[in-house]
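Notes follow the structure.
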């Protein structure tokens with residue numbers, strides 16, 4: 001005898017799904033009108049699944065295969081400008097090849113939702129996860145959100161459309177999921193019903209901006225110095241307004257799907273009375289949570305913050321969350337060579353946010369998991385130890401699980 | 001603490017002291033046709049002033065597009081006998097456009113009708129930047145009064161100076177060396193010796209060109225400049241809209257511009273056109289049309305690259321001068337001798353419909369039009385680089401009573 005595990009009014013079934021399957025379901029359920037594709041691992045999983053949905057008659061959408069990622073994202077951008085709900089996605093250098101279109105999608109204020117299946121940037125060629133690809137668009141007017149489980153990837157893709165298409169936002173949104181770890185591993189995912197999704201997600205409405213024979217408009221004309229600042233300022237305000245919309249979107253999602261997203265921007269794990277906190281994004285969360293639990297059993301007052309929304313960055317909320325801790329360790333699955341104190345991208349964003357904290361905790365950085373390398377529970381435990389013992393002087397960055405030697409060979413490179 | 005931006009205390013800074021020694025010069029020219037000429041004038045002025053020990057530099061208005069035929073563009077030059085290069089740059093040129101000038105040079109007198117530079121909208125008066133007591137220096141064969149009747153009335157007195165000469169075309173394709181370059185520099189020395197003295201100009205020109213004719217034209221130009229004060233009571237109420245720039249929170253987001261609605265009816269102004277960008281100030285000449293000799297072949301309407309012709313109910317083609325850039329294509333393709341002729345735009349007061357005038361009084365229109373044509377007829381050559389062909393006027397074709405009906 002089987003037990004009914006899901007609420008049938010909200011969920012049609014459970015499925016053993018990869019992260020890319022989960023995103024494909026969300027795209028189908030959001031009734032996306034146009035999606036464009038060009039194969040690259042790990043994004044390819046979404047293409048395959050959506051093609052199957054169409055072949056099976058479960059999904060009615062224009063599926064356009066481009067000749068490369070630049071065209072792919074141009075297609076999606078233009079589809080969005082005529083009022084079609086659009087989707088596209090890529091990974092690693094494919095995403096970078098689309099950069100010109102990505103920048104224009106943001107400045108044109110078109111609410112495209114895109115998947116970035118995080119992948120190391122070439123060279124050398126590698127499939128494994130690194131976050132630098134999605135981070136490329138962090139300053140361009142893209143919203144960026146990380147999901148760390150397949151269920152969260154599905155939920156977040158639907159929420160991304162809700163936020164991006166809100167009339168007060170109208171910005172593209174990148175949903176990032178770790179290549180390999182999340183895109184290709186299979187977990188039980190609850191698949192919502194279309195009716196429930198329609199309750200949550202209103203139809204895409206571009207209003208008077210919609211390019212159509214009945215509404216002829218020009219998009220993105222050449223402007224001169226008389227206009228540029230005002231247009232950038234509008235976009236800046238929209239990114240600020242997005243914070244409020246994100247709160248509303250998660251509240252509505254919780255109501256429709258009886259889910260329990262508390263703070264939409266990040267999940268706090270064992271942060272009550274924590275003296276030490278680690279913060280990271282993506283699938284490192286599993287190891288981090290396990291390590292925190294084990295250390296708590298030994299009496300170490302440690303907690304973990306799983307950051308979801310990277311843009312807009314929740315500086316105010318993080319200051320609040322980390323107001324009582326004495327030391328913070330940031331886990332960067334990215335690199336920013338030559339950056340401030342040689343830290344990673346996330347490290348310096350978190351550090352900038354905490355600069356204005358009344359209680360400025362010590363903050364150190366861990367660079368790990370690059371090019372798909374694993375981060376283990378023991379690795380996280382080591383990070384906690386280093387964070388707790390750091391005196392705030394000297395090197396702030398520790399490389400995790402990199403093969404270290406005895407330094408022979410460094411002399412001739414002029415390093416000190 | 002909150003992450004909101006902290007208020008910055010503004011320091012009371014006055015640039016008045018620095019301003020005292022700053023002199024600004026603007027050179028208005030036509031895109032392509034006069035680009036090289038304008039650059040030579042501002043550059044030579046900088047060199048000549050530099051030879052006097054002044055700090056000076058020049059630049060072109062960055063948002064202009066001097067690679068478009070006839071589009072009004074501007075070059076600037078800045079001078080100071082007290083400031084360092086950095087200070088002069090900071091005081092005079094930290095903006096993309098200037099808001100005032102001691103001398104405004106106009107290399108084509110038809111620009112007195114207004115400027116619609118590429119990338120801007122609305123039409124600006126040519127004397128917009130002239131400061132009280134400053135000078136509007138125009139290369140022209142006209143009398144000051146003929147030009148003042150096109151200028152916006154200002155709230156103060158200033159000067160108009162005429163350097164006798166034709167529109168000189170020294171642009172991207174060829175440099176017609178008619179000495180307009182050195183003559184204009186001499187005229188600047190005449191109206192604003194504080195920018196550069198004529199002796200420094202002479203020394204500079206001698207050294208640069210080693211050409212007796214050039215040096216001679218300097219003195220001729222210096223002596224022939226006519227200067228006259230323009231009283232604040234002189235000029236006209238500006239008939240065009242000027243640029244308005246909205247605040248960031250008062251226009252729609254998303255960089256979308258509503259297209260011109262498709263719309264077409266017969267008659268004057270029958271087609272819908274872009275009200276924000278008309279381009280008509282690009283012209284130096286306008287086509288005038290003898291509707292009475294028109295054979296209704298449609299070629300002017302068909303060939304016009306700017307779609308300025310409006311078919312009328314009687315089969316004729318009215319022209320909307322607000323949008324006409326004066327390219328001369330219609331005059332070139334018209335198969336009837338002297339039916340469409342290009343005429344100096346300064347001969348005309350406004351952009352009203354010629355077809356309406358013709359319908360009101362056909363014979364009066366033809367008489368008026370033939371007077372406007374003047375003594376010399378200009379026709380742009382179809383061969384690039386050959387300049388203009390000056391044609392002595394033939395006896396006008398007599399008015400045809402039943403023409404155009």
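Computed quantities for the displayed model
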quantity	calculated
From A:243, A:248, A:233, residue being touching a helix residue (DSSP H, G or I) at 6+ places or on another chain (Cβ under 9 Å), within 9 Å of chain B (Cβ to nearest Cβ) and at pLDDT 95 or above	A:233
In segment B:274-318, the residues that are surrounded by fewer than 17 Cβ atoms within 10 Å (Cβ to Cβ) and either farther than 23 Å from residue B:365 by Cβ or assigned by TED's automatic domain parsing to the domain that holds residue B:33 (or both)	B:274, B:275, B:276, B:277, B:302, B:303, B:305, B:307
Test: residue A:259 is exposed (fewer than 14 other Cβ atoms within 10 Å of the Cβ), over 29 Å from residue A:334 (Cα atoms) and either in contact (Cβ under 8 Å) with a residue 40 or more places away in the chain or in contact with a strand residue (DSSP E or B) (Cβ under 6 Å, 6 or more places away or on another chain) (or both)	no
Residue count for segment B:195-209, restricted to those that are out of contact with any strand residue (DSSP E or B) (no Cβ under 6 Å at 6 or more places or on another chain), within 21 Å of residue B:134 (Cβ to Cβ) and either at pLDDT below 95 or not in a helix (DSSP H, G or I) (or both)	2
Options A:284, A:302; residue that is closer than 25 Å to residue A:247 by Cα and crowded, with 18+ Cβ neighbours inside 10 Å	A:284
Subset of segment B:240-284 (residues that are more than 11 Å from chain A (Cβ to nearest Cβ) and in contact with a helix residue (DSSP H, G or I) (Cβ under 6 Å, 6 or more places away or on another chain))	B:268, B:283, B:284
Options B:233, B:250, B:200: the member that is farther than 29 Å from residue B:69 by Cβ and under 25 Å from the mean Cα position of the chain (by Cα)	B:233
Boolean, residue B:68 is closer than 14 Å to residue B:188 by Cα and surrounded by fewer than 22 Cβ atoms within 10 Å (Cβ to Cβ)	no
Candidate set: segment A:206-230, residues that are in a helix (DSSP H, G or I) and either more than 30 Å from residue A:156 (Cβ to Cβ) or free of Cβ contacts under 8 Å to residues at least 40 places away in the same chain (or both); chosen: the one farthest from the other protein chains (Cβ to nearest Cβ)	A:228
Of the criteria (1) over 26 Å from residue B:203 (Cβ atoms); (2) at pLDDT 90 or above; (3) assigned to a loop (DSSP other than H, G, I, E, B), which one residue B:74 fails	(3)
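Table: residues versus (1) farther than 22 Å from residue A:310 by Cα; (2) at pLDDT 95 or above; (3) in contact with a helix residue (DSSP H, G or I) (Cβ under 6 Å, 6 or more places away or on another chain); (4) within 14 Å of another protein chain (Cβ to nearest Cβ).
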residue	(1), (2), (3), (4)
A:345	no, yes, yes, no
A:362	no, yes, no, no
A:366	no, yes, yes, no
A:393	yes, no, no, no
A:397	no, yes, yes, no
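The values are calculated or read from the model by the stated rules, or taken from the named source; none is laboratory data. Here the structure is a predicted model, which means the values were calculated and not measured. Because the Cβ atoms are built from the backbone with ideal geometry, glycine has one as well, and the counts that use them run over all protein chains shown.
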